[in-house]
Amino acid sequence: MLLSLIELIENPLFALVILPILIFLARVADVTLGTLRIVFISQGKRKLAPIMGFFEIFIWLLAVGQIFSNLTNILYYFAYAGGFAMGNYIGLVVENKLSLGLLSLHLIVRDDPDELIKTLKEKGYGLTILTTEGIKSNVKLVVMIIKRKNQLGVLEMIRRISPNTFISIENVQSVKGGKFPLTQKTRWYLLRRKKV
(Lines give C-alpha, C1' and ligand atoms only; values in the text may rest on other atoms or scores of the structure.)
Protein backbone atom coordinates (compact mmCIF):
# COMPACT_ATOMS: atom_id res chain seq x y z
CA MET A 1 0.00 0.00 0.00
CA LEU A 2 2.71 2.45 1.04
CA LEU A 3 4.83 1.42 -1.92
CA SER A 4 1.99 2.06 -4.39
CA LEU A 5 1.39 5.50 -2.83
CA ILE A 6 5.06 6.38 -3.27
CA GLU A 7 4.94 5.17 -6.88
CA LEU A 8 1.88 7.35 -7.48
CA ILE A 9 3.58 10.44 -6.04
CA GLU A 10 6.70 9.84 -8.14
CA ASN A 11 4.64 9.41 -11.31
CA PRO A 12 4.96 12.47 -13.62
CA LEU A 13 1.16 12.45 -14.09
CA PHE A 14 0.79 13.17 -10.37
CA ALA A 15 2.98 16.29 -10.61
CA LEU A 16 1.35 17.56 -13.81
CA VAL A 17 -2.33 16.82 -13.16
CA ILE A 18 -3.27 15.47 -9.75
CA LEU A 19 -1.23 17.79 -7.53
CA PRO A 20 -2.39 21.00 -9.30
CA ILE A 21 -5.99 19.81 -8.92
CA LEU A 22 -5.41 19.11 -5.22
CA ILE A 23 -3.84 22.56 -4.74
CA PHE A 24 -6.79 24.15 -6.58
CA LEU A 25 -9.35 22.31 -4.43
CA ALA A 26 -7.47 23.06 -1.21
CA ARG A 27 -7.38 26.76 -2.09
CA VAL A 28 -11.10 26.77 -2.96
CA ALA A 29 -11.85 25.19 0.42
CA ASP A 30 -9.67 27.52 2.48
CA VAL A 31 -10.88 30.74 0.80
CA THR A 32 -14.51 29.61 1.09
CA LEU A 33 -13.97 29.00 4.80
CA GLY A 34 -12.25 32.38 5.08
CA THR A 35 -15.22 34.13 3.52
CA LEU A 36 -17.59 32.41 5.94
CA ARG A 37 -15.27 33.20 8.86
CA ILE A 38 -15.39 36.92 8.03
CA VAL A 39 -19.20 36.78 7.85
CA PHE A 40 -19.34 35.01 11.22
CA ILE A 41 -17.00 37.61 12.76
CA SER A 42 -19.10 40.50 11.45
CA GLN A 43 -22.22 38.89 12.93
CA GLY A 44 -20.63 38.20 16.31
CA LYS A 45 -20.66 34.39 15.98
CA ARG A 46 -17.90 33.84 18.54
CA LYS A 47 -17.95 30.05 18.43
CA LEU A 48 -18.05 29.48 14.68
CA ALA A 49 -15.44 32.04 13.57
CA PRO A 50 -12.44 30.42 15.35
CA ILE A 51 -13.40 26.95 14.10
CA MET A 52 -13.56 28.24 10.54
CA GLY A 53 -10.23 30.01 11.05
CA PHE A 54 -8.54 26.82 12.25
CA PHE A 55 -9.59 24.78 9.21
CA GLU A 56 -8.93 27.69 6.83
CA ILE A 57 -5.31 28.03 7.93
CA PHE A 58 -4.74 24.27 8.19
CA ILE A 59 -5.82 23.78 4.56
CA TRP A 60 -3.86 26.87 3.46
CA LEU A 61 -0.67 25.47 5.02
CA LEU A 62 -1.14 22.22 3.11
CA ALA A 63 -1.55 24.05 -0.20
CA VAL A 64 1.34 26.48 0.38
CA GLY A 65 3.57 23.63 1.52
CA GLN A 66 3.11 21.92 -1.84
CA ILE A 67 3.93 25.11 -3.73
CA PHE A 68 7.09 25.80 -1.73
CA SER A 69 8.30 22.24 -2.19
CA ASN A 70 7.86 22.60 -5.99
CA LEU A 71 8.72 26.22 -6.80
CA THR A 72 9.66 25.47 -10.41
CA ASN A 73 6.25 24.19 -11.55
CA ILE A 74 4.17 27.09 -12.94
CA LEU A 75 1.03 24.91 -12.96
CA TYR A 76 0.97 25.08 -9.17
CA TYR A 77 0.90 28.86 -9.25
CA PHE A 78 -2.05 28.84 -11.63
CA ALA A 79 -3.83 26.21 -9.55
CA TYR A 80 -3.25 28.30 -6.41
CA ALA A 81 -4.47 31.54 -8.02
CA GLY A 82 -7.43 29.85 -9.71
CA GLY A 83 -8.42 28.22 -6.44
CA PHE A 84 -8.30 31.60 -4.72
CA ALA A 85 -10.59 33.16 -7.33
CA MET A 86 -13.03 30.24 -7.30
CA GLY A 87 -12.96 30.13 -3.49
CA ASN A 88 -14.09 33.76 -3.34
CA TYR A 89 -16.96 33.02 -5.68
CA ILE A 90 -18.05 29.84 -3.90
CA GLY A 91 -17.71 31.53 -0.50
CA LEU A 92 -20.09 34.29 -1.59
CA VAL A 93 -22.55 31.78 -3.05
CA VAL A 94 -22.53 29.70 0.16
CA GLU A 95 -22.90 32.81 2.32
CA ASN A 96 -25.80 33.97 0.18
CA LYS A 97 -27.50 30.56 0.44
CA LEU A 98 -27.10 30.52 4.22
CA SER A 99 -28.62 34.03 4.44
CA LEU A 100 -27.50 34.55 8.01
CA GLY A 101 -28.21 37.73 9.90
CA LEU A 102 -30.65 40.58 10.06
CA LEU A 103 -31.42 43.55 7.83
CA SER A 104 -32.88 46.94 8.59
CA LEU A 105 -35.27 48.22 5.94
CA HIS A 106 -36.12 51.91 5.74
CA LEU A 107 -39.12 52.44 3.48
CA ILE A 108 -40.02 55.92 2.33
CA VAL A 109 -43.60 55.70 1.13
CA ARG A 110 -44.92 58.58 -0.96
CA ASP A 111 -48.23 56.97 -1.89
CA ASP A 112 -50.96 55.92 0.55
CA PRO A 113 -49.08 53.62 2.96
CA ASP A 114 -52.13 52.04 4.63
CA GLU A 115 -52.34 48.88 2.49
CA LEU A 116 -48.58 48.25 2.76
CA ILE A 117 -48.54 48.79 6.52
CA LYS A 118 -51.60 46.58 7.01
CA THR A 119 -50.11 43.76 4.93
CA LEU A 120 -46.74 43.89 6.70
CA LYS A 121 -48.44 43.82 10.11
CA GLU A 122 -50.66 40.91 9.05
CA LYS A 123 -47.54 39.00 8.03
CA GLY A 124 -46.19 39.50 11.57
CA TYR A 125 -43.52 42.14 10.99
CA GLY A 126 -42.84 44.72 13.65
CA LEU A 127 -42.91 48.23 12.20
CA THR A 128 -41.98 51.70 13.36
CA ILE A 129 -43.91 54.30 11.37
CA LEU A 130 -42.95 57.98 11.28
CA THR A 131 -44.32 60.94 9.37
CA THR A 132 -41.37 62.82 7.91
CA GLU A 133 -40.80 65.68 5.54
CA GLY A 134 -39.72 64.83 1.99
CA ILE A 135 -38.62 67.22 -0.76
CA LYS A 136 -42.13 67.98 -1.99
CA SER A 137 -44.42 66.83 0.82
CA ASN A 138 -44.74 64.73 3.94
CA VAL A 139 -44.00 61.03 3.52
CA LYS A 140 -44.21 57.97 5.75
CA LEU A 141 -40.97 56.39 6.93
CA VAL A 142 -41.46 52.73 7.81
CA VAL A 143 -38.59 51.07 9.64
CA MET A 144 -38.48 47.31 10.03
CA ILE A 145 -35.96 44.61 10.92
CA ILE A 146 -36.18 41.36 8.98
CA LYS A 147 -34.25 38.14 8.78
CA ARG A 148 -31.96 38.16 5.77
CA LYS A 149 -33.43 34.90 4.48
CA ASN A 150 -36.80 36.70 4.14
CA GLN A 151 -35.39 39.62 2.14
CA LEU A 152 -36.53 38.60 -1.35
CA GLY A 153 -40.09 37.80 -0.26
CA VAL A 154 -40.45 41.04 1.70
CA LEU A 155 -39.06 43.18 -1.14
CA GLU A 156 -41.33 41.48 -3.65
CA MET A 157 -44.35 42.15 -1.41
CA ILE A 158 -43.37 45.81 -0.96
CA ARG A 159 -42.85 46.36 -4.71
CA ARG A 160 -46.14 44.65 -5.53
CA ILE A 161 -48.19 46.72 -3.09
CA SER A 162 -46.33 50.03 -3.29
CA PRO A 163 -44.08 50.12 -6.38
CA ASN A 164 -42.92 53.74 -5.84
CA THR A 165 -41.54 53.10 -2.35
CA PHE A 166 -37.90 54.05 -1.82
CA ILE A 167 -36.11 51.22 0.00
CA SER A 168 -32.82 51.45 1.89
CA ILE A 169 -31.29 48.26 3.30
CA GLU A 170 -28.59 47.98 5.96
CA ASN A 171 -26.98 45.05 7.78
CA VAL A 172 -27.79 44.78 11.48
CA GLN A 173 -25.34 43.15 13.88
CA SER A 174 -27.83 42.42 16.66
CA VAL A 175 -31.20 43.38 18.08
CA LYS A 176 -32.91 42.97 21.41
CA GLY A 177 -36.65 42.52 21.54
CA GLY A 178 -38.75 43.27 18.52
CA LYS A 179 -41.33 41.29 16.61
CA PHE A 180 -40.63 38.83 13.84
CA PRO A 181 -43.06 36.62 11.94
CA LEU A 182 -43.31 33.02 13.04
CA THR A 183 -41.34 30.80 10.73
CA GLN A 184 -41.56 27.14 9.96
CA LYS A 185 -38.68 25.02 11.15
CA THR A 186 -36.44 23.80 8.39
CA ARG A 187 -34.63 20.51 8.73
CA TRP A 188 -32.01 19.08 6.43
CA TYR A 189 -32.78 15.71 4.93
CA LEU A 190 -29.65 14.53 3.13
CA LEU A 191 -29.22 17.08 0.33
CA ARG A 192 -32.44 19.07 0.45
CA ARG A 193 -34.21 21.28 2.94
CA LYS A 194 -37.67 20.37 4.07
CA LYS A 195 -40.05 22.60 6.00
CA VAL A 196 -41.58 20.83 8.96
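Can you name the residue in the range 86-137 that is among the acidic types (Asp, Glu) and in contact with a Ser or Thr (Cβ under 7 Å, 6 or more places away or on another chain) and is also surrounded by the fewest Cβ atoms within 10 Å (Cβ to Cβ) among such residues?
Narrowing the range 86-137 to residues among the acidic types (Asp, Glu): 95, 111-112, 114-115, 122, 133.
Next, only the ones that are in contact with a Ser or Thr (Cβ under 7 Å, 6 or more places away or on another chain) stay: 95, 111.
Values: Glu95: 17, Asp111: 14.
Selected residue: Asp111.
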Log entry, pairs with first residue in the range 51-71 being among the acidic types (Asp, Glu), second being surrounded by 16 or more Cβ atoms within 10 Å (Cβ to Cβ) and assigned to a helix (DSSP H, G or I), beta carbons closer than 9 Å, six or more apart or on different chains, reads Glu56/Ala29; Glu56/Asp30; Glu56/Val31; Glu56/Thr32; Glu56/Leu33; Glu56/Gly34; Glu56/Leu36; Glu56/Arg37
Can you confirm whether the range 8-19 contains a residue that is modelled with pLDDT of 80 or more, surrounded by 18 or more Cβ atoms within 10 Å (Cβ to Cβ) and not hydroxyl-bearing (Ser, Thr, Tyr)?
yes
(message) Taking the conditions exactly as written (closer than 30 Å to Gly153 by Cα, at pLDDT 80 or above, of a type outside the set (Ser, Thr, Tyr) and in the same structural domain as Ile129 (by TED's automatic domain parsing)), does Leu48 satisfy them or not?
(response) no
Checked the range 59-93 for anything farther than 15 Å from Pro20 by Cβ, in contact with a helix residue (DSSP H, G or I) (Cβ under 8 Å, 6 or more places away or on another chain) and hydrophobic (A, V, I, L, M, F, W, C); matches are Ile59, Trp60, Ile90, Leu92
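Residues checked against (1) in contact with a helix residue (DSSP H, G or I) (Cβ under 7 Å, 6 or more places away or on another chain); (2) touching a residue at least 60 places away in the same chain (Cβ under 8 Å); (3) closer than 15 Å to Leu102 by Cβ; (4) in a loop (DSSP other than H, G, I, E, B):
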{"site": "Ile117", "(1), (2), (3), (4)": "no, no, no, no"}
{"site": "Leu120", "(1), (2), (3), (4)": "no, no, no, no"}
{"site": "Tyr125", "(1), (2), (3), (4)": "no, no, yes, yes"}
{"site": "Ile129", "(1), (2), (3), (4)": "yes, no, no, no"}
{"site": "Val143", "(1), (2), (3), (4)": "no, no, yes, no"}
{"site": "Lys149", "(1), (2), (3), (4)": "no, no, yes, no"}
{"site": "Val154", "(1), (2), (3), (4)": "no, no, yes, no"}
{"site": "Arg160", "(1), (2), (3), (4)": "no, no, no, no"}
{"site": "Pro163", "(1), (2), (3), (4)": "no, no, no, yes"}
Among helices (runs of 4 or more DSSP H) entirely within the range 1-107, at least 2 residues that are under 23 Å from the mean Cα position of the chain (by Cα) occur in 19-42, 48-68, 74-98
Per the filter on the range 21-36, residues surrounded by fewer than 22 Cβ atoms within 10 Å (Cβ to Cβ) and of a type outside the set (A, V, I, L, M, F, W, C) are Gly34, Thr35
Just checking, does the range 132-148 include any residue being within 30 Å of Ala29 (Cα to Cα), modelled with pLDDT under 90 and not assigned by TED's automatic domain parsing to the domain that holds Thr35? yes
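The values are calculated or read from the model by the stated rules, or taken from the named source; none is laboratory data. Only a predicted model underlies this, so the values are computations on that prediction, with no experimental measurement involved. FYI the Cβ positions are ideal-geometry reconstructions off the backbone, even for glycines, and counts take in every protein chain you see.
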